[in-house]
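Asks: The structure under discussion is supplied below as C-alpha cells; questions concerning it will follow.
The values are calculated or read from the model by the stated rules, or taken from the named source; none is laboratory data. What you see is a predicted model, and the numbers here were worked out from it, not measured in a lab. Virtual Cβ from ideal backbone geometry, glycine too; neighbours counted across all protein chains shown. When the accessible area is computed, the model is the full protein with side chains, heavy atoms only, and any ligands, DNA or RNA have been set aside. Shrake-Rupley method; radii C 1.70, N 1.55, O 1.52, S 1.80 Å.
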Amino acid sequence: MNHYVHVFAEHADDPGLAAAVRLLGYPGIRTVCRSRIYEIGGAVTRAEAERLCLELLADPVSDRFTVNRRIVPRGAVALNIWYKPGVLDVVAQAVLKAAGYMGMTGSLSVRSGGRVDISPDPGRRAVERIARLALMNELIQYYETI
Amino acid sequence: MKRSDAKAVASVSARTVPLRAADGRRLMAISRDGLLSLTLEEMRAVQTYFREVGRDPTDCELETIAQTWSEHCKHKTLTSAATLHWVDRGRRRVTRYRNVLKETVFAATREIAHPECLSVFEDNAGVIAFDDQYGIAFKVETHNHPSALEPYGGAATGIGGVIRDVLGCGLGARPVANTDVFCFGPMDWRGRVPDGVHHPRRIAKGVVEGVRDYGNRMGIPTINGAVVFHEGYLYNPLVYCGCIGVIPRNMLAKHAAPGYHIVCIGGRTGRDGIHGATFSSAALHDDLPTSVVQIGDPVTEKMFLEVLLEARDRGLFSAVTDCGAGGLSSACGEIAREHGCRIHLDRVQLKYSGLMPWEIWLSESQERMVAVAPPDAARELVALCAREDVEAVVIGEVTDTGRLEVLYDGRRIADVSMVFLHEGVPKKTLHATWRPQPVGAVPRARLANVDPVRTLLRILAHPDVASKEWIVRQYDHEVQGATVLKPFVGSHDCDRYSPQDASIIRPVPEVPRLLAVSNGINPRYGVQDVVAMTESVVDEAVRGLMCVGASFQRIFLLDNFCWGNTTDPNILGGLFASCETARRMAVAYRTPFISGKDSLNNHYRLGRRDISIPPTLLISAIGVVERGADVRTTEFKSPGNAILVLGDQRTHLGGSVLCSVLGVRGARVPGVDTALAVRLYRCFDDLRPYLLATHDCSDGGLTAAVAEMTFGRLVGAELTVPMGCRDLATWLFGETNSRIVVEVHPEHVPHLLDILRHAQVPCISVGRTIAEPALVIKRGVHLIGAVSIDDMYAAWRSLAGFTADERAGSAV
C-alpha cells in the first residue's frame, strides 16, 4: 500500500512565491504555502512509514508531519507536484539509501514531491495557469489537486 | 523508484543502420531522426568510412561519432578553415585561416609564451603555476540550452559539470572556488512569452537557486560573478559556470597504457541527459524530449571528489577524466585516445532496468568520472571507493588496437577506429563578413538638460549597475575559510557595503600568495560593436584584477564565446572578428588565454523570425596577488583625501547605461587604447603604496563608480566638474576603458603625479572625500547637485523588476 506523507514547517508560507503569483494577475491571493510530500510504497507498514517520518523526513523541532491524511484548509486549494516518470528523483534515492541504514531492507519504493497550498482558491483555470507558470516545470513535473 | 539491482534489457543488441546505400536525403533523415546534428558532409564522411570497413554502422557507432563530432565537443565552427572579409579598425581586410581558433586565441598564447602556463587548451582545464609546488586550474563552461528548458536542473548540472572538469584536470585538482555569470531577459518583461519558454524572472530564480544549491552543498565558495540583463536573452539565457582548483604540479600528467583497467566512478547511469552534446549544438524550439534534461546530485559528487583526491595522492590511478557531454562515449574515447579501449556496457551500474545499450553508452547521467589504472591499483581504487560509499566498477580495459570497441554481454555494439573518431570529422570551410555598424549621432538635445542627481539614481537602479546582493548572498563566500576579499566590503558599524572589482582567495593555506578572480562581459556594447566589446571586456577583466592588487605580469585569461545563429555569415563574421580582437588584446597585455569554450547557435525561431542573442564574450581572469599588503578595496577610507582618475580620459556614450536609461542610442562604443592601458597597468606596482581605495570605471561611468565608493564606510565625496566642461552628461556618466578612480592622501598626490607623468599616463583630479555622507557635485564653485549616500544606496539596491517580497522570499 502507498502511504502519503506530508511534512510541513510551522510557518510554511512563502511570501516571495505569493508575490510572484499575485504578479501573474491574481491580486486576491493572500497566502501560498510550500511543503514536502512523499509517497512510500512496497512492503512497508504504516508504523514503518511513521518511523521514517520521525527519524528521517521531518525535523523534530521545526516540522510536523501527517501520514495518509489529505487535509486542505477551508477555502484553499492544495496541489501535489510530482516528477514525471523517468526523471531522476535525487531525494527519493537518498531516502531509499537511508532507509536501508535504518534497517528497512524489504522492498521499498519512494517518490518525493512538493505541495503547494494556495489561499483563497482562485478556481480551476487559474490554478492550472499558476501551476504552469510559477509552481512547476511542465517539462519534468505534473500536478494533481488534492 | 525501486531499489533493486537493475540490469539492462539483455536480449537486445545494437541496431544496424543501413548507411552505406543511403542517398543524400536518407542520410539527412537518419541524422535528423537520431538527433545526431550531423551535416550532409559529415554523414558522407561516416558513410565513406563504413564503406571502406565493409559493413553498416550500428546505432551506437553513429551516436558515438555524432557526440564526438558535435559542435559542443569539437568546436567545428571555431576550428574551421575560413575566409573573413571585414573592416579592422577602419581598414578593409581579408583574412584567411586554416583554423580560426589556432590562429587567433591559441596563437596569442603561443606568441606570449608565458613561462607560468603549465597546461593550456589540452586538458579539461587550463593550468598556471602558482608557486614551485602548486598549479591553479581554471575552467569556465556554459550550460545555456539546458538552463533554458529547466533552469534549476540545467544550472545545477552546469556547475556540477565544471567542477568535474577541474576534478578531471591532470590527475585531479581540488576545487577551491566557483564563479558564475548569468545573462537573463529583463525581469519586468511584460511582453508575450511563447509556450515552452519560461519568463525571465522564472529562469533567473531557477538558475540562481540551481547554482547555489549545488555549489553550497559541495562546500565550494562561489566568490565572483556577474548578472546582466538584456532583451536579447529572453529566449536564450546564458549560464556561465566556472571553477578554480589547486593541483600539485607533479600531478599534471595523465598516462594510460594497454592492459590498464578503465573504471567508472560515481553515480549510476540512467536515461537522463541523452543527446546533451548534440542537443546543445542545435537551436531551441518547443518540441524537445524530456530526456535531454539532466538532474544533479551534489552529495554524490562531493563524496567522490574526496575519494578521488585521496586515491590520487595514493597513486591509485594514472589518468582521469570527467564524464560530461556524450557520457561514457566521450570519456572513454578521450582517455584511451592514443591506444584504444574495450568497454563492457553490461558492467555499468544502472539506476533502473530497461536501458538499451546505446542509452547506457550515451547517457549523460551526472556525477560520474572515468579513471584509468593498472590492474592492481584499479582493484585498490574500487575497494577504497567502496569503503567511502562511492560506487566504482571496472567497465573495460585499455587496448593497443587503436580502436574503440564497445561490447554488451559479449556482443559487439561498436567498433570504430580512434583516429577516425577523433580526426575524421571533415573540416568546415566557412565564409564570413563583418563590418562595424555605422556610428550614430548623439542626440545633444536629450543630453543637454540631464539632471545629475536624478540621472545618477536612475543609473544606480539600472539592472546592469544595481546591486545583485540578494543573489550574491545566497552563495556561500566563506566555506573552506580561504576567501580574503569578498564581493562586498564595508564596515560593520554602518551596515553598508561597497561592491568590489574582483575577489581574492588564498588557495594554499601554507602559502601567503593570493589569487584574484574577475570577469568582463558587456552585451550592450556587443550589440553595437563587436570589436569594441571584445576590447572592453578583456580590459574590464584585467583592470578589475589590477584594482584589487594583482600583478600585471601574472594575469591569465579564459574566453567563452556565446553567439547567435552562426549560419548567418555576418554573425559568424562578428565571431571571427572578436577572436582576432581577443588575440590582439591578449598579446598587447601579455595576458595569455589558458582555456576557453564556445556556445554557438543561441537563437530562437519565433515563427518566421530568427532571434539571436547579443554577441556575448565573457572573459574570466585570474591573477596572482603577491602579498596581502597589495590588496586594495573600493570603499573610500576617510574624509579629506584626494580623488583622482587615472588612465584613459576619453569617454563615450555608445552602449552606455546613460543611453539605456535615457532611451537613446549613443554614438561610439568605447574601445581600448592598448598602449596607454599597458603604461597604466605597468606602473601600478609603483602607485599601489599610495592608493587608499581603487575602483574601476565601468557601467555608469565616473559618477556611478564614485557613488559606489561612498557606500562602504559612509565617506562622502565632492566631485568638481571643470568649468570649461561643455557636456556635463558625458563627463559624469560617459563610459570608457582603462580608467580607474583612486583615493589618495593629499601628501602623496605630488609623488603619484610624478610617477604617472613619468609613465605618460593621464590623470585628472576630480574632487575629494568629505565627512558629510553625501555626494556633492559642483561646477567650479557652483553647486549643481547633491544626494545623500542613503538615497544612492537605496537606489542601488532597488533592482527594477523584483518586489521586496520576492527578494526576501528567495533566501533559504
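Asks: Based on Cβ point charges of +1 for Lys and Arg and -1 for Asp and Glu, what charge dipole magnitude is obtained for segment B:321-415 about its Cα centre, in debye rounded to the nearest 20?
Replies: 240
Asks: Also: Identify, among B:Ala107, B:Gly160, B:Leu84, the residue whose Cα sits farthest towards the positive end of the charge dipole of segment B:83-191, taking +1 on the Cβ of Lys and Arg and -1 on the Cβ of Asp and Glu, with the dipole about the Cα centre.
Replies: Result: B:Leu84, furthest along the dipole toward the positive end.
Asks: Next question. Which semi-axes, in whole Å and largest first, does the equivalent ellipsoid of segment B:1-150 have when worked out from the alpha carbon gyration tensor as the square roots of 5 times its eigenvalues?
Replies: 38, 27, 16
Asks: Nearest 20 debye, what's the magnitude of the dipole of the protein assembly as shown about its Cα centre given +1 on Lys and Arg Cβ and -1 on Asp and Glu Cβ?
Replies: 2080
Asks: Consider all pairwise Cα distances in segment A:1-84 and report the whole-number % of them above 18 Å.
Replies: Details: 1776 of 3486 pairs.
When every Cα pair of segment A:1-84 is considered, 51 percent fall beyond 18 Å.
Asks: So how strong a dipole does segment B:550-613 carry about its Cα centre when Lys and Arg Cβ are +1 and Asp and Glu Cβ are -1, to the nearest 20 debye?
Replies: Value, rounded to 20: 100 debye.
Asks: Let me ask something else about it. Would you mind counting up the charge near B:Ala577? Only other residues with Cβ under 13 Å from its Cβ, with Lys and Arg at +1 and Asp and Glu at -1.
Replies: Neighbourhood net charge equals +3.
Asks: With a 1.4 Å probe and every protein chain left in place, work out the accessible area per residue of the protein assembly as shown in Å², rounded to a whole number.
Replies: For the protein assembly as shown, the solvent-accessible area averages 37 Å² per residue.
Asks: Leaving out ligands, DNA and RNA, what percent of the accessible area of the protein assembly as shown is carbon and sulfur, probe 1.4 Å? It would help to have the intermediate numbers written out before the result.
Replies: Details: 17950 of 35630 Å².
Carbon and sulfur atoms account for 50 percent of the accessible area of the protein assembly as shown.
Asks: Counting Lys +1, Arg +1, Asp -1, Glu -1, what net charge surrounds B:Val246 among other residues with beta carbon under 12 Å of its beta carbon?
Replies: My count for the surroundings of B:Val246 gives +2.
Asks: How much length is gained on full extension from B:Asp727 to B:Glu52, taking 0.36 nm per residue of separation minus their Cα-Cα distance?
Replies: Working: separation 675, 0.36 × 675 = 243.00 nm, distance 7.18 nm.
Contour length minus the Cα-Cα distance gives 235.8 nm.
Asks: Give me log10 I(q)/I(0) at q = 0.12, 0.21 Å⁻¹ for segment A:3-146, Debye formula, one equal scatterer per alpha-carbon, no solvent.
Replies: These q points yield log10 I(q)/I(0) values of -0.52, -1.30.
Asks: Another one. Mind checking the alpha-carbon convex hull of segment B:602-653 and giving the volume per residue in Å³?
Replies: Details: hull volume 11.4 nm³, N = 52.
Looking at segment B:602-653, the number lands at 219 Å³ per residue.
Asks: Is any residue of segment B:659-694 close enough, with backbone N under 16 Å, to a label point placed 7 angstrom from the Cα of B:Ala629 along the Cα-Cβ axis, and if so, which?
Replies: What the label zone holds, given the 16 Å backbone N cut-off, is B:685-692.
Asks: Using only C-alpha atoms and all pairs of different ones, pull out the Kirkwood radius for segment B:358-445 in Å with one decimal.
Replies: With all distinct Cα pairs of segment B:358-445 included, I get 18.5 Å.
Asks: Quick one: go through segment B:167-211 and flag any residue whose amide nitrogen is under 20 Å from the point 7 Å out along the Cα-to-Cβ line of B:Leu606.
Replies: Taking a point 7 Å out along Cα→Cβ of B:Leu606, the residues of segment B:167-211 whose backbone N falls under 20 Å are B:183-205.
Asks: Separate question: Over the residues of segment B:328-376, compute the C-alpha Rg and express it relative to 2.2 N^0.38 Å.
Replies: Working it through for segment B:328-376, the quotient is 1.21.
Asks: With N set to the residue count of the protein assembly as shown, report its C-alpha Rg divided by 2.2 N^0.38 Å to two decimal places.
Replies: 0.96
Asks: For B:Trp434, what residues show an amide H to amide H distance below 5 Å, using hydrogens built from the backbone and excluding near sequence neighbours?
Replies: Under 5 Å from the amide H of B:Trp434 lie the amide H atoms of B:His85, B:Trp86, B:Val87, each far enough along the sequence or on another chain.
Asks: Give me Rg over Rh for chain B, both radii from the alpha carbons and Rh done the Kirkwood way, two decimal places. Walk me through the numbers on the way to the answer.
Replies: Working: Rg = 26.9 Å, Rh = 27.4 Å.
When Rh is taken as the Kirkwood radius, the ratio is 0.98.
Asks: Give me the residues in segment A:80-96 whose solvent-accessible area, probe 1.4 Å, is reduced by at least 40 Å² once all protein chains are included instead of the chain isolated.
Replies: A:Leu88, A:Val90, A:Gln93, A:Leu96
Asks: While we're looking at this one, here's another question. Just counting partner chain Cβ atoms within 10 Å, what average do the residues of peptide B:193-206 show around their Cβ? The partial results should precede the final answer.
Replies: Numbers: counts 1, 0, 2, 2, 0, 4, 5, 0, 3, 4, 0, 0, 4, 1.
What the average comes to for B:193-206 is 2.
Asks: Out of all DSSP beta bridges in the protein assembly as shown, what portion is antiparallel? Express it as a percent rounded to 5.
Replies: On the way: 143 of 173 bridges.
So the antiparallel bridges amount to about 85 percent of the total.
Asks: Using alpha carbons only, what's the Rg to Rh ratio of segment B:479-525 with Rh from Kirkwood?
Replies: Rounded to two decimals, Rg/Rh equals 1.09.
Asks: Same structure again: Relative contact order of segment B:104-220: what whole-number percent is it, with Cα pairs under 8 angstrom and at least 6 residues apart?
Replies: This gives 25 percent for segment B:104-220.
Asks: Over chain A, what relative contact order in percent results from Cα pairs under 8 Å that are six or more residues apart?
Replies: 34
Asks: On average, how many beta carbons from a partner chain sit within 10 Å of the beta carbon of a residue in A:129-141?
Replies: Mean number of neighbouring Cβ atoms from other chains: 3.
Asks: Could you work out the relative contact order of chain B, using alpha carbon pairs under 8 angstrom and six or more residues apart, expressed as a whole percent?
Replies: 14
Asks: Could you sort the peptides B:22-34, B:659-671, B:113-125, B:540-552 by per-residue average Cβ neighbour count (10 Å cutoff), highest mean leading?
Replies: Sorting B:22-34, B:659-671, B:113-125, B:540-552 by mean packing, highest first, produces B:540-552, B:659-671, B:113-125, B:22-34.
Asks: Report, by chain and number, residues whose modeled amide H sits under 5 Å from the one on B:His198, excluding near sequence neighbours (fewer than 5 apart, same chain).
Replies: none
Asks: Still on this structure, I have one more. In cubic angstrom, how much convex hull volume per residue do the alpha carbon atoms of segment B:405-460 span?
Replies: Hull volume normalised by residue count: 217 Å³.
Asks: Taking +1 at the Cβ of each Lys and Arg and -1 at the Cβ of each Asp and Glu, which of B:Ser119, B:Tyr97, B:Gln133 sits farthest along the dipole of segment B:88-133 towards its positive end, judged by Cα position relative to the Cα centre?
Replies: Working it through, the farthest residue towards the positive pole turns out to be B:Tyr97.
Asks: Still on this model: Could you report the buried accessible area between B and A, both sides summed, computed with a 1.4 Å probe and given in Å² to the nearest 100?
Replies: Separately minus together, B and A give about 2200 Å² buried.
Asks: OK, next. Using θ = phi - 60° and the Karplus relation 6.51 cos²θ - 1.76 cosθ + 1.60, list the HN-Hα couplings for segment A:134-146 in order, rounded to whole Hz, with x at every Gly or Pro.
Replies: Couplings: 10, 10, 8, 9, 3, 5, 10, 9, 9, 10, 9, 7, 7 Hz.
Asks: Something else: Would you tell me the mean number of C-beta atoms belonging to other protein chains that fall within 10 Å of each C-beta in B:294-306, as a whole number? Let's see the in-between values first.
Replies: Values: counts 1, 6, 2, 5, 1, 4, 3, 0, 0, 0, 0, 0, 0.
Per residue, the average neighbour count from other chains is 2.
Asks: Ranking request for peptides B:604-613, B:352-361, B:322-331: highest mean number of other beta-carbon atoms within 10 Å first, then the rest in descending order.
Replies: Numbers: B:604-613: 14.8, B:352-361: 21.5, B:322-331: 26.4.
Packing proxy ranking, top to bottom: B:322-331, B:352-361, B:604-613.
Asks: Right, next: Rounded to the nearest 500 deg cm²/dmol, what is the calculated helix-only ellipticity per residue at 222 nm for the protein assembly as shown, with -39500 (n - 2.57) per DSSP H run of length n ≥ 4?
Replies: Working: 32 runs with 300 residues, N = 958.
Per the formula, -9000 deg cm²/dmol.
Asks: Sticking with this one: What's the ranking of B:475-481, B:496-502 by average number of surrounding C-beta atoms within 10 Å, highest first?
Replies: Ranked by mean Cβ neighbours within 10 Å, highest first: B:496-502, B:475-481.
Asks: Turning to a different aspect of this structure: Please name whichever of B:Gly215, B:His230, B:Pro186 sits farthest to the positive end of the charge dipole of segment B:170-238, dipole taken about the Cα centre and charges placed at Cβ: Lys and Arg +1, Asp and Glu -1.
Replies: B:Gly215
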